[in-house]
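The values are calculated or read from the model by the stated rules, or taken from the named source; none is laboratory data. Everything numeric here is computed off the predicted structure, so don't read it as measured data. Every residue, glycine among them, receives a Cβ derived from its backbone with ideal geometry; neighbour counts consider all protein chains shown.
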Amino acid sequence: MRQAYVRDGAFAFRIQGRSLKLVVYKSAGDPYARSLFIPFSDETSGRESYAAGRYLDHEEQGGDDYELDFNMAYNPYFAYSEEYTCPIPPVETSSLLRFSPERRITNRMS
């Protein structure tokens, strides 16, 4: 089963003096969907986590302020079975930083 996504915004922030951005997507098939999909890759990709990257899901909060909890990041389903097809995180969401489970980011969505 294929699912289409549309770009809904981005989280732009600074960590360790570097400007980073995570692109946020929503389901294209449901205009009332409140779930945000955030694919990303970081320096753990291919070492400690799946090489293609990881995902975060977050519910819309009705404002622009969000806290991203990387404890909730998960590997795509195709990391476990070739029966699945999953989106690859866009290059613009790649980071040479480590988004470890203990990291939390509070930011505004643009």
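List of remarks:
- Residue match in segment 71-84 (condition: part of a strand (DSSP E or B), free of Cβ contacts under 8 Å to residues at least 24 places away in the same chain and of a type outside the set (A, V, I, L, M, F, W, C)): yes
- Output for segment 30-46, where each listed residue is crowded, with 20+ Cβ neighbours inside 10 Å and either touching an Asp or Glu at 6+ places or on another chain (Cβ under 7 Å) or under 11 Å from residue 4 (Cβ atoms) (or both): 36
- Answer from 54, 2, 18, 14 - the residue that is within 26 Å of residue 82 (Cα to Cα) and modelled with pLDDT under 85: 2
- Search result, residues across segment 1-29 that are crowded, with 16+ Cβ neighbours inside 10 Å and of a type in the set (S, T, N, Q): 27
- Checking each residue in segment 47-58 for being surrounded by fewer than 18 Cβ atoms within 10 Å (Cβ to Cβ) and within 15 Å of residue 23 (Cα to Cα) picks out only 57.
- Positions within segment 1-57 being among the hydroxyl-bearing types (Ser, Thr, Tyr), part of a loop (DSSP other than H, G, I, E, B) and under 21 Å from residue 74 (Cα atoms), in sequence order: 44, 50
- Residues that are at positive phi and touching a residue at least 24 places away in the same chain (Cβ under 8 Å), drawn from segment 47-63: 53
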